[in-house]
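Here's the structure we're looking at; comments come further down.
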Amino acid sequence: MLGGATLTSGLTGVQQNHLLQARQMQALSFIVHIPLVCFGIAFPAMILFIEWRYLRTGEDVYRTLARRWTKVLVTLFAAGVVTGTILSFEMGLLWPDFTSTFGSVFGLGFAIEGFSFFLEAIFIGIYVYGWDRLSPRAHLLAGIPIAGAGVLGSLMVISVNGWMNHPQGFRLVKGQVVDVRPWRALFGNGYFWHELVHMYLAGYIVTGFVVGGAYAIGWLRGRRDRYHRIALAVPLTSAAVAAPLQVLVGDWAARDVANQQPIKLAALEGLGATTHGAPIHLFGWYSGGHVKYGIEIPRLLSLLAFHRVNATVTGLNSVPTDDVPPVNVVRIAFQLMVGIGSLLALLSLIFLILRWRRGGLPSSPWFYRAVALAGPASVVALIAGWVTTEVGRQPWVVYRVMRTDQAVTSASGIPVSYAMLAVAYLVLLAAIGWALRRLASRPLPESVPMDAPAG
């Protein structure tokens with residue numbers, strides 16, 4: 001790891017009285033955009049699977065479902081265009097010194113991400129207007145670039161984020177970036193692989209439970225025909241496979257954090273002092289160097305982080321106070337993510353076991369109530385995971401290289417822009433809700449069977 005004192009030499013901060021509001025503006029945009037990214041990762045693959053089933057069976061129910069889901073995909077893609085454009089502007093306007101200093105390092109990643117966006121847009125157009133104009137096989141093939149572009153674009157953004165957490169592939173000399181090796185920076189950093197797998201699994205978990213939750217509500221209202229059962233089974237199975245795997249990937253990510261960002265690990269637990277055989281506290285509040293009112297589990301942090309019960313875990317007091325992230329924000333977000341993720345994994349295992357033993361969907365209303373709650377809960381876990389990763393890195397925008405107050409703009413008017421952005425997102429969310437409700441209220445074609453059972 002590069003030394004912080006050496007790396008930050010030549011970088012100076014600016015006078016910005018609204019640094020927190022600038023960070024909150026960026027956070028708000030991510031909160032709105034990241035769930036849409038999840039749908040971009042997973043939803044095209046689900047639609048293609050449904051269309052493939054139509055080609056295999058010839059049943060109109062699969063074609064109808066794929067066409068209706070395509071309209072949802074287009075709606076969410078359009079919303080993603082808006083939020084993604086805002087994010088790109090925010091990168092340059094809110095954090096000009098970050099982009100001007102390190103643009104040569106991560107610029108390749110964003111260039112490829114932009115290319116993938118245009119590729120996705122082109123093939124979405126072909127896919128949408130090709131339902132009745134292309135042969136069934138050609139139409140299915142036209143959807144593959146949509147899924148590939150969604151994966152490629154998110155991969156590039158993840159690689160940039162991995163680099164921000166574990167920067168390499170360049171040297172900083174008197175505030176100037178030299179000897180840039182973009183491929184090593186983006187794909188050779190120690191965070192890329194676990195962030196990539198973690199985010200892709202999250203994409204299927206969020207998409208699966210949100211879509212499955214919508215149809216679970218329909219099941220509770222008596223919509224148990226073949227169409228709705230297929231629409232419930234496909235996303236729910238995707239989420240159920242991904243959620244237990246996410247627990248294993250979370251362990252992988254935590255060990256990387258322990259080795260490469262020890263202060264973030266200390267913030268996750270609220271570990272004030274360096275400790276041999278460090279415990280974990282469930283719940284509680286960090287204050288005065290200790291977690292108060294929490295439930296202590298002895299030595300568990302050392303065991304989970306280093307797989308040794310007596311391993312030494314670095315505490316928050318090993319760095320200056322200015323280098324400590326907001327501990328309680330990070331702790332609460334981390335425990336929300338882990339807690340919800342564990343419950344989703346448990347629900348997934350119950351579903352997979354029941355489906356394997358019975359060969360069909362569960363019959364208990366309690367299961368479908370749980371699935372309905374799992375949709376919004378998965379989004380909360382997703383956002384909490386993002387807060388854990390990004391806020392836990394503070395006060396660094398590029399870990400131990402550039403501080404956030406060195407990257408922020410010196411422009412005034414941030415509070416006004418923040419308020420306008422919040423209003424714009426409220427309007428956008430209302431428009432998305434209105435469009436999705438219109439799509440959901442459209443009756444099914446008479447050719448779709450409504451009474452045949454489906455597993």
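The values are calculated or read from the model by the stated rules, or taken from the named source; none is laboratory data. Small disclaimer: the values here were computed from a predicted structure and weren't measured. As a convention, Cβ positions derive from the backbone with ideal geometry for all residues, glycine included, and neighbour counts pool all protein chains shown. Just the protein is used for accessible areas: all its heavy atoms, side chains included, with ligands, DNA and RNA removed. Shrake-Rupley method; radii C 1.70, N 1.55, O 1.52, S 1.80 Å.
Lysines within cross-link reach of residue 292: Cα-Cα under 26 Å, excluding same-chain residues under 8 positions apart?
Straight-line reach from residue 292, under 26 Å: 264.
Just to check I understand the Karplus step: with θ = phi - 60° and J = 6.51 cos²θ - 1.76 cosθ + 1.60, what whole-Hz values come out for the range 137-147, glycine and proline as x?
Along the range 137-147, the couplings run 5, 4, 5, 4, 5, 5, x, 5, x, 5, 5 Hz.
Using the Karplus curve 6.51 cos²θ - 1.76 cosθ + 1.60 with θ = phi - 60°, what ³J(HN,Hα) values do you get for each residue of the range 310-323, in whole Hz, with x for Gly and Pro?
Once θ is set to phi - 60°, the couplings for the range 310-323 become 10, 5, 8, 10, 5, x, 5, 6, 7, 10, x, 4, 5, 9 Hz.
Pairs of Cα atoms under 8 Å, at least six residues apart: use those to get the relative contact order of the chain, whole percent.
Relative contact order of the chain: 23 percent.
Relative contact order (percent) for the range 242-405, with alpha-carbon contacts under 8 angstrom and 6 or more residues of separation?
Relative contact order, the range 242-405: 24 percent.
For the range 57-134 and the range 195-240, write down the distance between their C-alpha centroids in whole Å.
Taking the Cα centre of each part, the range 57-134 and the range 195-240 sit 22 Å apart.
Could you tell me the relative contact order of the range 199-338? Use alpha-carbon pairs under 8 Å, at least six residues apart, and round to a whole percent.
22
Calculate, for residue 138 and residue 422, the FRET efficiency according to 1/(1 + (r/R0)^6) with r their C-beta to C-beta distance and R0 41 Å; round to the nearest 0.05.
My answer for the efficiency is 0.40.
Calculate how steeply helix 192-220 sits against the longest principal axis of the alpha-carbon atoms of the chain, using the helix alpha-carbon long axis, and give the answer as 0 to 90 degrees to the nearest 10.
For 192-220 against the chain, the angle is about 40 degrees.
Could you provide, to the nearest whole Å², the per residue accessible area of the chain with probe 1.4 Å?
Value returned for the chain: 47 Å² of accessible area per residue.
With each run of n ≥ 4 DSSP H residues scored as -39500 (n - 2.57), what mean residue ellipticity at 222 nm is computed for the chain after dividing by its residue count and rounding to the nearest 500 deg cm²/dmol?
Mean residue ellipticity, 222 nm, calculated: -24500 deg cm²/dmol.
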